[in-house]
Amino acid sequence: LDEFKAVLAHEFGHFAQRSMGVGRWVYLAQGIVTDLVARRDALDQLLHFVSNLDFRIAWVGWGLRLLVWALRAVIDQVFRVVLLLGRALSRQMEFQADRVSVRRAGSDSLVHALHRLGAADRGFSQAIGFVLSEAERGRRTSDLFALQTRFVERYREAHALTDYGLTPAQSDGRIFTKTVADAPVMWSTHPSNEDRESGCKKHYFPPHLHPPSPGAVSCCLLDTSDPA
């Protein structure tokens, strides 16, 4: 339950960021630049037609095609810089949202959640593949979560990984290394789990663990007296 609290606090931390709107503008600009650089329209067809005419006219088409190519190349390179700046901003936004989570749930809870996400992502992909294959045979799957959970359990058993998909046993040491538990594919643009764990534990806040009972959910989420 403390991991659930940490993830919610992280997402609410994003809501408080005034820079969230930048991502929408970058996404919009990416679509425009993609059209300008990659799409070939009536103008390109016209220039290609002119370039194949008599030499006395064709040189105009050659010059204009060279000019259009140069403009596209410049726009492409400039936007690459914009994308790099946008990714750097996104990285800092993740670290800031992690700090909000740490203040509400402690330094370990979000790290433990990140540790479990890798297994959850793999199990979900396998479960979706199984559901689709069953659907092709006319069979219906009633509980996707139970199926995902079973895939995680089977992977843990098959590879003898005692804490795969589970909360790590230790709470005072480091969980992630450069070779263990990479971020799920859907968050491939985020900082590495190793860097996020370093940020969460740079100033250590002890965890505030709650028993995983349904009755504890409201207390966990609505308790505003918790100084952490």
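Among 198-205, 153-160, 113-120, the peptide with the highest mean count of other Cβ atoms within 10 Å heads the list, and the full ranking is 113-120, 198-205, 153-160. Of the listed residues 133, 142, the order by accessible area with a 1.4 Å probe, largest first, is 142, 133. With both labels modelled 7 Å from their Cα along Cα-to-Cβ, the residue 139 to residue 103 distance reads 5.1 nm. Stokes-Einstein at 37 °C, 0.692 mPa s, Kirkwood radius from Cα pairs: D for the stretch 20-61 in µm² s⁻¹? Estimated diffusion coefficient is 264 µm²/s.
With R₀ fixed at 30 Å, the C-beta to C-beta distance from residue 204 to residue 87 puts the FRET efficiency at about 0.60.
Taking the Cα centroid of the stretch 105-153 and of the stretch 1-78, what is the distance between the two, rounded to the nearest whole Å? Rounded to whole Å, the Cα centres lie 36 Å apart. Given a Förster radius of 22 Å and the C-beta distance between residue 27 and residue 7 as r, what FRET efficiency does 1/(1 + (r/R0)^6) yield to the nearest 0.05? E between residue 27 and residue 7, to the nearest 0.05, is 0.40.
Taking the empirical scaling 2.2 N^0.38 Å for compact globular proteins as reference, the stretch 47-144 has a Cα radius of gyration ratio of 2.15. Only the Cβ atoms of Lys and Arg (+1) and of Asp and Glu (-1) were treated as charged; on that basis the dipole of the stretch 8-137 about its Cα centre amounts to roughly 360 debye.
Spherically averaged projected area of the convex hull of Cα atoms, the stretch 64-110: 3.7 nm².
The values are calculated or read from the model by the stated rules, or taken from the named source; none is laboratory data. Please read these numbers as outputs of a predicted model, since none were measured by experiment. Cβ coordinates were reconstructed from backbone atoms using ideal geometry, including for glycine residues, and neighbour counts include every protein chain displayed. Side chains included, ligands, DNA and RNA excluded: accessible areas come from the protein's heavy atoms. Shrake-Rupley method; radii C 1.70, N 1.55, O 1.52, S 1.80 Å.
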